[in-house]
Amino acid sequence: MPHLGINEITFLAQGLKWTLFLTAIGFCGGIVFGLLVALGRVAQNRALRMAAAGWIAVFQGTPLLMQLFVVFFGLPLLGVNVSAWLAVAIALTAHASAFLGEIWRGAIQAIPKGQSEASHALGLHYRSRMFDIILPQALKISLPATVGFLVQLLKGTSLAAIVGFIELTRAGQIVSNQTYQPLFVFGLVGVLYFMMCWPLSYWGRRMETRLSQDPR
Amino acid sequence: MDDILIRMEHVEKWYGGFHALKDVNLTVRRGEKIVLCGPSGSGKSTLIRCINHLETIKSGRITVDGTALTDSPQAVDMVRREVGMCFQQFNLFPHKTVLENCMLAPMRVRKLTREAAEATARKYLDRVRIGNQADKYPAQLSGGQQQRVAIARALCMEPKAMLFDEPTSALDPEMVKEVLDTMIGLAHDGMTMICVTHEMGFARQVADRVIFMAEGEIIEEGEPNAFFRNPRHERTRAFLGEILAHH
Ligand SMILES: Nc1ncnc2c1ncn2[C@@H]1O[C@H](COP(=O)(O)OP(=O)(O)O)[C@@H](O)[C@H]1O
Ligand SMILES: [Mg+2]
């Protein structure tokens, strides 16, 4: 009968806590910077559009693992010393901003042109046009994709192990090595991931159906 | 005060290599009602969209209430504050209630307080006879009701002129009348109006002048009776024959 001691369970719980924390950091940072990326992508100014497109291309076109490496080992080479957790926070934020930026860019451009024309005709300025009219509609239709990315991000945080983070996956590895119960420990870790990801996925799918039925 | 509210002089508009407006000259007096008609693609929408700077012109001059409409943000702001517009597709904000649709611009642009904006919104919603639907969302209303809300939304900015771009073309036939009646009411209250429409009954009833466009040019204009009874140009006659046959 496989079993774990209180120490191992605490250790896994610590790892779980870090996984959740890294996900939250990446997602919150990604929301703020992703919004900037999306707005840059649909800006009037060509240079802004290009810069945002470049940002998206770089972070969508390279593995998250490499992005973590570059920040963790690259920034110190430039003379910027970053702690492991700051490096991971920066890398996850940049990564999430590119993906969320692209998701929201698509949603913004999916809003009928008549919405911004009516806003212009009423004399509304950029800020009101974006924050009162376009973004509320765009964020709503992009919610399923946004939640889908959140799930990806949560799973992606396991890569933070590479720069020394003991998040859930790495904690599982360590406990497994100590207790010689790989099947049981990784099974448990898998169940924990599933319990976080599946409700999110389910919620995202529910929202998708609801959106397709809601006339608003 | 200048009697001319809107003046277009030698306006030229190009979409890339396509010449959409050719030497358009038009003056609209305060309180005047103009109906703009012509075949599809003749530039009617383009013409009225130039007036509130939804389209930029290549050359020529547009003046609204004494302000020259340049590309400067101040001029554009001023003109959009004074000129309201209704679209064929209504373009109501679907995520806001009828009341919120009407309150937004007065609060953001005219800087009214929430209370004042709500009072204004309710006044104009009552005026288009839709006050009892104020808390509904646009999708819960019929097309005719949505277009009346769109009219009320524009009126809440208390504009000096209203532009209508085929406001009844997207409506089921039984809803056309309620929108036209609203527009007729507005006309009787003295609003300056430029209406792109093929509703010739409406033109006869309220227009001071009917303007016919084809291929980006104003071909002919006149007081409605004369315009309908003996159009001077062959193209006008052909066009009128066609639309009157359909009605
Ligand atoms: N944004 C645009 N880009 C390119 N061509 C356009 C654009 N808008 C309108 N046009 C063209 O300009 C002409 C006039 O269009 P429009 O003013 O919409 O005509 P109308 O309202 O009389 O049907 C049409 O040939 C149309 O294809
Ligand atoms: Mg048109």
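The values are calculated or read from the model by the stated rules, or taken from the named source; none is laboratory data. Everything numeric in this text was worked out from a predicted model, so none of it was measured. Cβ coordinates were reconstructed from backbone atoms using ideal geometry, including for glycine residues, and neighbour counts include every protein chain displayed. What goes into the accessible areas is simple: the full protein's heavy atoms, side chains included, and nothing from ligands, DNA or RNA. Shrake-Rupley method; radii C 1.70, N 1.55, O 1.52, S 1.80 Å.
Of note:
- Out of B:167, B:231, B:159, one residue alone is free of Cβ contacts under 8 Å to residues at least 40 places away in the same chain, surrounded by 14 or more Cβ atoms within 10 Å (Cβ to Cβ) and not in a helix (DSSP H, G or I). It is B:231.
- Residues of the range B:1-54 that turn out to be farther than 23 Å from residue A:122 by Cβ and among the aliphatic types (A, V, I, L, M), as a count: 8
- When the range A:171-197 is filtered for residues that are free of Cβ contacts under 8 Å to residues at least 24 places away in the same chain and among the aromatic types (Phe, Trp, Tyr), the ones remaining, listed by number, are A:180, A:186, A:194.
- Test: residue in the range B:148-155 that is part of a strand (DSSP E or B), open to solvent by less than 40 Å² (accessible area, probe 1.4 Å) and at pLDDT 95 or above: no
Results for (1) under 21 Å from residue A:121 (Cα atoms); (2) within 16 Å of ligand 1 (Cβ to nearest atom), shown as yes or no for each residue.
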residue	(1), (2)
B:80	yes, no
B:85	yes, yes
B:89	yes, yes
B:97	yes, no
B:104	yes, no
B:107	yes, no
B:121	yes, no
B:129	no, no
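- Subset of the range B:62-78 [under 19 Å from residue A:119 (Cβ atoms) and either open to solvent by 30 Å² or more (accessible area, probe 1.4 Å) or within 9 Å of chain A (Cβ to nearest Cβ) (or both)]: B:71, B:73, B:74, B:76, B:77, B:78
This table checks each residue for (1) more than 27 Å from residue B:3 (Cα to Cα); (2) within 16 Å of ligand 2 (Cβ to nearest atom).
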site	(1), (2)
B:164	no, yes
B:177	yes, no
B:182	no, no
B:196	no, yes
B:223	no, no
B:242	yes, no
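- Residue list for the range B:29-52, filter: more than 9 Å from ligand 2 (Cβ to nearest atom), open to solvent by less than 40 Å² (accessible area, probe 1.4 Å) and over 13 Å from the mean Cα position of the chain (by Cα): B:31, B:38
- Scanning the range A:131-184 for residues that are at pLDDT 90 or above, of a type in the set (Phe, Trp, Tyr) and not in a helix (DSSP H, G or I) yields one hit, A:180.
- Flag if residue B:59 is open to solvent by 40 Å² or more (accessible area, probe 1.4 Å) and within 16 Å of ligand 1 (Cβ to nearest atom): no
- The residue pairs whose first member lies in the range B:87-98 and is facing another protein chain (nearest Cβ under 7 Å), whose second member is of a type in the set (Gly, Ala, Ser) and open to solvent by 10 Å² or more (accessible area, probe 1.4 Å), and whose beta carbons are closer than 8 Å, counting only pairs six or more residues apart or on different chains, are B:87/A:114; B:89/A:114; B:89/B:170; B:91/A:114; B:94/B:139.
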